[in-house]
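Some notes on the structure that comes next.
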Amino acid sequence: MVQGTASSVGKSTLVTGLCRIFAQEGWRVAPFKAQNMALNSYVTKSGGEIGRAQAVQAEAAGVEPTVEMNPILLKPEGHARSQVIVMGRPLATLEARAYYRDRSGLRDTVEQALTRLREEYDLIIIEGAGSPVELNLVNRDLVNMQVARLAEAPVLLVGDIDRGGIFASLLGTLMLLPPADQARVKGLIVNKFRGDLTLWQKGEQILAERSGVPVLGTIPMFNDICIAEEDSVALDDGTRYAVRDRWNTTSDMLDVVVVRLPYLSNYDEFDALAAEPRVRLHFIASSSEYPNQPDLVILPGTKNTLSDLGWLWRQGLAQQIRQWAQKGSAVLGICGGYQMLGERLSDFVGAEAEAGTVEPGLNLLPVATFFEPISQKVTVQCQAQVDVSAMRGLFAHLQGQRFRAYQIHLGRTVAAEKNSEDGTCAFQTDTTGNDGWLSTDGWCAGCYLHGLFENDTFRQGIVAALAGRRSTQLLVPERVSFDRQVEYDKLADLLRKHVDMYRLKALCNL
């Protein structure tokens, strides 16, 4: 089991790499995280919703993600409220106090999910959450030492040296653990090291001597391996898309702006777009962060559409997006972003706001959204293609192409008026039929389809459409295939180089 001294120390990435290593060596391996709090999520083949990190880890292991790998998912909707998803299905939206008050049944859910995985796989690599020594929450633990005891699993403790205080964080965590749980910690991992590793050898010795636990590796900081993030912390600290976020005025680049919404979800779907050699990706939270005219503006998915829509107007970004569109920028809304592009959003059931709330959208598409109870939440994988009436503008190069995608949304979006002069349906899917809308001129679109940019033909078609629209000469975009499997192999190679895999395998009795 991999636990950490805090959130965002690299637990998820380490588990991903270990899943890849053991899978490469012939073991049937699966990830497991009892409870995850994240806005980035994934839809399994059965239509269940789990944390994106566990789907990534399963993908690295070469197995199909299932709801057992993340039996409890909490998706924040406010500072103290989350949508609670159990075994892939939304249970309720609860305040933190109500959630912690009675979780007795959830312990059984966690145990049953873990048991099923252990029956099917040779090796389960378990991920903890946050820190195992949040002393005010220890008695309510569902994800750290409680699971280690249940699984009788040895524990690796990971610390982030880049944020400073590595000795205090690792040694302090061990000191605060009860003796029985201290004994479960069999190895330490120092993560995100910068500089000369030879100068850190003394540090490893000190940690081992003071703790009585061996340091199994020091993993260097890297920015050349693209693994989907569990949450948006990497955007907050500037470590994601660090190079491509810098705007410039060179005419041989396409500038794509993605709005950094407070409840932004599933933004890893833009990793492939960021990898395009002719694209410069900018995540912005205010209009001052990008003063130029972008080629494309993307309003991404969000867990709280109405809250983020209000924020968009207050920030002046809604007005700015409308101005950019009027001056010729293409606009694409995905999921909650699609809902925002419409004329109005109505919540008569209290799904996201007080019942009866009606808010104006950006009025760039002639559609309206009606929110529905969480029991009607849509979670489905699908195959999609551009509607035959929508082969223009952004979608001009996508004729005859089929794309893998998925939907995670609450609410129903309908055309305000059936008027062909206002545009047409954007996509057809094999599960939900009509999806999305495309403006008459073809340069403003919205849909509920996540994951489109991970399809090479879709991404390259959009880039070609944007490039062809330029008044200045733009070099023909180089075609790049985006393959996360290559990234998993690179991560596995890095871990093999810097982690004592011999001792790690001995801990797992392999």
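Numbers at a glance
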read-out	value
Cα-based helix-to-principal-axis angle, 317-326 vs the chain, degrees rounded to 10	40 degrees
Of all DSSP beta bridges in the chain, antiparallel share, percent nearest 5	50 percent
Between helix 305-314 and the chain: long-axis angle, C-alpha atoms, 0 to 90°, nearest 10	70 degrees
Relative contact order for region 1-55, counting Cα pairs under 8 Å that sit 6 or more residues apart, in percent	21 percent
C-alpha center-to-center spacing [region 8-30, region 133-166] in angstrom	18 Å
16 Å Cα-Cα reach of residue 186 towards aspartates and glutamates, excluding residues that sit fewer than 8 places from it in its own chain	127, 152, 204, 209, 500
5 angstrom amide H check on residue 331, placed H, neighbours 5+ away	297, 444, 445
In order through region 292-302: 3J(HN,Hα) via Karplus (6.51 cos²θ - 1.76 cosθ + 1.60), integer Hz, x for Gly, Pro	8, 9, x, 6, 9, 10, 10, 9, x, x, 8
Shape call, region 91-180: gyration tensor on alpha carbons, a/c limit 1.5	oblate
³J(HN,Hα), Karplus 6.51/-1.76/1.60, whole Hz, each residue of region 329-336, x for Gly, Pro	6, 6, 9, 10, x, 10, 6, x
Local electrostatic count at residue 300 - Lys and Arg +1, Asp and Glu -1, tallied over other residues with Cβ under 12 Å	-1
Residues whose placed amide H lies under 5 Å from that of residue 77, excluding near-sequence neighbours	82, 83
Accessible area of the chain belonging to carbon and sulfur atoms, whole % at 1.4 Å probe	48 percent
Surface per residue (accessible, 1.4 Å probe) for the chain, Å²	41 Å²
Helix axis angle, 104-120 relative to the chain longest principal axis, alpha carbon, degrees	80 degrees
Length-normalised contact order of region 335-384 in % [C-alpha pairs under 8 Å, at least 6 apart]	38 percent
21 Å Cα-Cα threshold exceeded, pairs from 45/490; 11/192; 33/490; 75/490	45/490; 33/490; 75/490
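The values are calculated or read from the model by the stated rules, or taken from the named source; none is laboratory data. Note that this is a predicted model, so its numbers are computed, not measured. All Cβ positions, glycine included, derive from the backbone under ideal geometry; neighbour counts span all protein chains shown. Just the protein is used for accessible areas: all its heavy atoms, side chains included, with ligands, DNA and RNA removed. Shrake-Rupley method; radii C 1.70, N 1.55, O 1.52, S 1.80 Å.
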